[in-house]
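Step one of this worksheet: look at the structure below.
Just so it is clear, none of the values below were taken in a lab; they were calculated from the coordinates. As the structure is a prediction and not an experimental result, all values here were calculated from the model. Cβ: placed from backbone, ideal geometry, glycine included. Neighbour counts: every protein chain shown.
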Amino acid sequence: MFFSRLPSSGFAVVIGLASFACSGQSDALPDASSLTDPAAAGLPNPTSQVVLEWGPLPDNRIWGSTAGVDIDPHDGNVWAYDRCGASALGGGCAENLVDPVLKFDRNTGDVLTSFGAGEFDLPHGIHLDSDGNVWIVDMTGHHLIKFSPTGDVLLRLGTRGEPGNDSEHFNQPNDVITAPDGSIFVADGHEGQSMLTDENPAVTEGATGRIMKFSSDGTFIKEWGQIGTEIGNFRTPHALEMDSQGRLFVADRGNHRIQIFDQDGNYLDSYEQFSRISGLFITDDDMLYAIDSETNPNNHPGWTTGIRIGHAAEDRVTAFVPPHEIDSRDTGVAGEGVAVDADGNIYAAEGPISRATAGGGLTKYVK
């Protein structure tokens, strides 16, 4: 049996786990004005080769954009979704009724299975649970579906086409993850990063920035967070991951930080060295991979896109995978989703900003 989160040992990191801190005493966002990008320090790149256009689609289909990739916990192969040829955030899968959910052989890139035609408007988050079930959230469709590994629908949450901010609805959900006990966590609220800016200082009525928790059968348990910059609030909780201790990592993209919580929603810590994060992945040995697809001189001056890597026990970046170079963008372009296989190879899911430069929906960075 293969496992999806095996140690990645291409570079040495020695960290005393006893130094792990739960520094949740402040109610205010720490001053980030003095932060500098650790990627500018010449960090090692643990990969040796970039394979563009990895994972061609069936029937000569053209990849649209994506933001989601994960690893099968049983055979170690790669799952991702395609937005059915659409390159931006306008949908695609409601009109082009092809299978958006695909499983790829991690060695050859061949498609092993696919399903989900007609079920989504804009797939946005993907999660493989410990049983190999495939969870997909639909951002503009405002719902999520749990599939079996062969594509049978096992659970639905939310109502397609009905946004809302109560316990039975989602409003632009971004990602989903399950805990070892089967509890379901959903990151809800994509548009929050465009609010509380000089151009848009107000919060749109009904908009969300929250984490929702459900039991394994989909019964609502609780939620926490709202759109804001304070600790425990979010401006687009774009991705979710858990470490070996069961701590929930939230990519609070608009606030340029990771926030960490226990599974009851209690705040534990914040990391700010991993940049403006679109996607997260944590291996079994607690190596944290954070991919930044959005940084530019206007929203995050002095930083660059790319994949920052460090141990989940502390806010310290120890390695960096550079972005794709592009003449029109000094910061480069990088994908939105990230996953790491048993051999330490990294897979990036190319989003609307990077898809054209990358050439395909998935890029493989070979260890």
With θ set to phi - 60°, apply the Karplus curve 6.51 cos²θ - 1.76 cosθ + 1.60 along the stretch 274-280 and write out the HN-Hα couplings as whole Hz, x wherever there is a Gly or Pro.
9, 6, 8, 8, 9, x, 10
Show me, for the stretch 108-114, the HN-Hα J-couplings you get by feeding each phi into the Karplus relation (A = 6.51, B = -1.76, C = 1.60, θ = phi - 60°), rounded to Hz, glycine and proline as x.
9, x, 5, 6, 9, 7, 7
Quick one: check the C-alpha center-to-center distance for the stretch 131-167 versus the stretch 39-106, whole angstrom.
19
Below 8 Å between Cα atoms, with a sequence gap of 6+, how large is the relative contact order for the stretch 50-203 in percent?
14
May I have the count of lysine pairs in the chain with C-alpha atoms under 16 Å apart, counting pairs 8 or more residues apart or located on different chains?
4
Whole angstrom only: what separates the Cα centroid of the stretch 278-331 from the Cα centroid of the stretch 202-275?
19
Which of these, PRO201, PRO46, PRO297, has the largest mean-square fluctuation under a Gaussian network model of the chain (Cα springs below 10 Å)?
PRO201
Cα-based Rg (one decimal) and Dmax (whole number) for the stretch 37-366, in Å?
17.9, 49
Please state the shape class of the stretch 160-264: rounded when a/c is under 1.5, otherwise prolate if a/b exceeds b/c and oblate if not, all from the C-alpha gyration tensor.
oblate
Relative contact order of the chain, pairs being alpha-carbon contacts under 8 Å that are 6 or more residues apart, as %:
19
On full extension of the chain, what length is gained from ALA202 through VAL153, given 0.36 nm per residue of separation minus the C-alpha to C-alpha distance?
13.8 nm
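Evaluate E = 1/(1 + (r/R0)^6) for ILE221 and ARG160, where r is the Cβ-Cβ distance and R0 equals 22 Å; express this FRET efficiency to the nearest 0.05. List each step's numbers first, then the result.
Working: r = 22 Å, r/R0 = 1.02.
Taking R0 as 22 Å, the efficiency between ILE221 and ARG160 is 0.45.
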J(HN,Hα) series, the stretch 250-261, from Karplus relation 6.51 cos²θ - 1.76 cosθ + 1.60, nearest Hz, glycine and proline x:
10, 7, 8, 4, x, 9, 6, 7, 9, 10, 10, 10
Counting only residues 5 or more places away or on other chains, whose amide H sits under 5 Å from the amide H of ASP243 once H atoms are built in the peptide plane?
PHE249
So between LEU112 and GLU53, what do we pick up on full extension, going 0.36 nm a residue minus the alpha carbon distance?
19.5 nm
For a footprinting-style exposure proxy, rank ILE62, ILE282, ILE221 by other Cβ within 10 Å, fewest first.
ILE62, ILE221, ILE282
